[in-house]
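A short worksheet on the structure shown next.
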Amino acid sequence: MPHAAINGVSIYYEEAGAGFPLVFVHEFAGNHESWREQVRFLRQHYRVITYDARGYPPSSVPEDPAAYSQDIAVEDLHQLLRHLNIDQAYIGGLSMGGALTVVFGVTHPEMCRALIIAGAGTGSTDPERFRAQCETFAAQLDAGGMPGLTGYCKGPTRVQLLRKDPAAWQEFADLFYQHSAHGSACTFRQVQGKRPPIFAYKEQLQRLDIPALILVGDEDDPCLEPALFLKRALNQSALITFPRSGHGINLEEPELFNTAVLNFLREVEAGRWGGRQQGDGAGFLTDSAKP
């Protein structure tokens, strides 16, 4: 089992395929296995790398809560790329991993050939309520371990997977309940609960000149406004909305997700992906349409 000793912890990772590196960062409720369908498809074209964040076995699960934060997670990814001798890669992530992708992009733009940002920004529209929810979930984990979050996998942005593919939902839930309760509680409190809203990165994102693909489910209410914000802020971006879909769009609609990602990367590689065209004719423009 390949591990990288970096940033004071051991990070488990997997590689498949060959070619230009493509890294996927998992969501809170997932792990490296969440990307199985993407790896199977995209390994034909790229060197696909997945890994487990700190707090997610078989990666290290630090006891000290201070060993967890979004900035630390960004540095973990940075050092993992260095460990793998990767100077530049396609960086993609879902949810918590999507937020990390955004921050990694503004922190290490020289290492990002393109960004794939899926289901990012939960909690951004009501940070105080989101922090309170994170603390509630963390307390439930402290009291009852992973079984303490019995309803988490059937939340309003998760039931779409259950409706579409009960077997895939059951696999998702089974993997979720194998997580470390302590690692998950620390991740709730220190990473999710303390990260800035996605809107806080507006100025950095407006300066970012990197191709970006933004993906969101149309029933993923917490991420719809952040997705539109990202589209407006990132000059070289496109937004794809998945119909009748919730949060875990890579699991709900793997074929659509994989095809969208591959088509995007092919456009980037062909030099056909550029900035937004403003036009020089007459038309309507309101302040709300501006980033």
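What is the ratio of the Cα radius of gyration of the chain to 2.2 N^0.38 Å, where N is its residue count, to two decimals? Provide the component values of the computation, followed by the final result.
Working: Rg = 18.2 Å, N = 291, 2.2 N^0.38 = 19.0 Å.
Relative to the 2.2 N^0.38 Å estimate, the chain comes out at 0.96.
Mind checking the dipole of the chain: about its Cα centre, +1 per Lys or Arg Cβ, -1 per Asp or Glu Cβ, Debye to the nearest 20?
In total the dipole reaches around 380 debye.
Compute from the Cα atoms of the range 80-138 the Rg and the Dmax, the latter being the longest Cα-Cα distance, and quote both in angstrom.
Every Cα atom of the range 80-138 included, Rg and Dmax give 14.1, 41 Å.
Under the Karplus relation 6.51 cos²θ - 1.76 cosθ + 1.60, θ = phi - 60°, what is the ordered set of whole-Hz ³J(HN,Hα) values for the range 174-183, x standing for Gly and Pro?
Rounded to whole hertz, the list is 4, 5, 4, 6, 8, 5, 6, 5, 5, x.
Could you state, as a whole-number percent, how many of the C-alpha pairs of the range 1-114 are farther apart than 23 Å? Kindly include the intermediate steps, with their values, before the conclusion.
Numbers: 1218 of 6441 pairs.
Above the 23 Å cut-off, the range 1-114 has 19 percent of its Cα pairs.
To the nearest µm²/s, what D does Stokes-Einstein give for the range 50-156 at 20 °C and 1.002 mPa s, using the Kirkwood radius over alpha carbon pairs as Rh?
On the way: Rh = 15.5 Å.
In µm²/s, the coefficient is 138.
Could you tell me which of P196, M1, A185 has its Cα farthest along the dipole of the chain towards the positive end, charges placed at Cβ (Lys, Arg +1; Asp, Glu -1), taken about the Cα centre?
P196
Taking H placed 1.01 Å from N in the peptide plane, check which residues at least 5 places from F20 or on another chain put their amide H under 5 Å from its amide H.
R47
If amide hydrogens are placed 1.01 Å from N in the peptide plane, which non-local residues have theirs closer than 5 Å to the one on F242?
Excluding prolines and chain starts, which carry no amide H, the hits are V216, G217, D218.
Given the -39500 (n - 2.57) contribution per DSSP H run of 4+ residues, what per-residue ellipticity at 222 nm results for the chain, rounded to the nearest 500 deg cm²/dmol?
Details: 11 runs with 113 residues, N = 291.
Computed mean residue ellipticity for the chain: -11500 deg cm²/dmol.
Report the far tail of the P(r) of the range 76-221, meaning the percent of Cα-Cα pairs longer than 25 Å.
37 percent
If you consider only alpha-carbon coordinates, what radius of gyration and Dmax does the range 142-230 have, in Å?
Both quantities, over Cα of the range 142-230: 16.3, 45 Å.
Using the Karplus curve 6.51 cos²θ - 1.76 cosθ + 1.60 with θ = phi - 60°, what ³J(HN,Hα) values do you get for each residue of the range 64-74, in whole Hz, with x for Gly and Pro?
So the Karplus estimates, Gly and Pro as x, are 6, x, 5, 7, 10, 5, 5, 5, 5, 4, 4 Hz.
Using unit Cβ charges (K, R positive; D, E negative) and no other charged atoms, how large, in debye to the nearest 20, is the dipole of the range 157-285 about its Cα centre? Each step should come with its number before you reach the end.
Values: 14 positive and 16 negative charges, 94 e Å.
For the range 157-285, the charge dipole is close to 440 debye.
Taking Cα atoms, how many degrees apart are the long axis of helix 96-107 and the longest axis of the chain, rounded to 10 and kept between 0 and 90?
Between the helix axis and the principal axis of the chain, the angle is about 50 degrees.
Taking the dipole about the Cα centre of the range 1-130, with the C-beta of Lys and Arg at +1 and of Asp and Glu at -1, give me whichever of L94, C112, A16 is farthest to the positive side.
After comparing all options, I get A16.
Based only on Cα atoms, what mean projected area does the convex hull of the range 25-82 have, in nm²? Intermediate values should be presented prior to the final figure.
Numbers: hull surface 17.9 nm².
Projected over every direction and averaged, the Cα hull of the range 25-82 covers 4.5 nm².
Any chance you could give the angle, 0 to 90 degrees and rounded to 10, that helix 127-144 forms with the longest Cα principal axis of the chain?
Taking the Cα atoms of the chain, the angle to 127-144 is about 30 degrees.
From the phi of every residue in the range 32-43, what ³J(HN,Hα) in whole Hz does the Karplus formula 6.51 cos²θ - 1.76 cosθ + 1.60 yield, where θ is phi - 60° and glycine or proline is x?
Once θ is set to phi - 60°, the couplings for the range 32-43 become 4, 5, 4, 9, 4, 5, 5, 4, 4, 7, 7, 5 Hz.
Using modelled amide H (1.01 Å from N, peptide plane; none on Pro or chain starts), what sits under 5 Å from the amide H of I6, excluding residues fewer than 5 places away?
I11
Bear in mind that the values in this text are calculations on the coordinates, not laboratory data. None of these values were measured; they are calculated from a predicted model. Every residue, glycine as well, gets a Cβ built from its backbone with ideal geometry; the counts of neighbours run over all protein chains shown.
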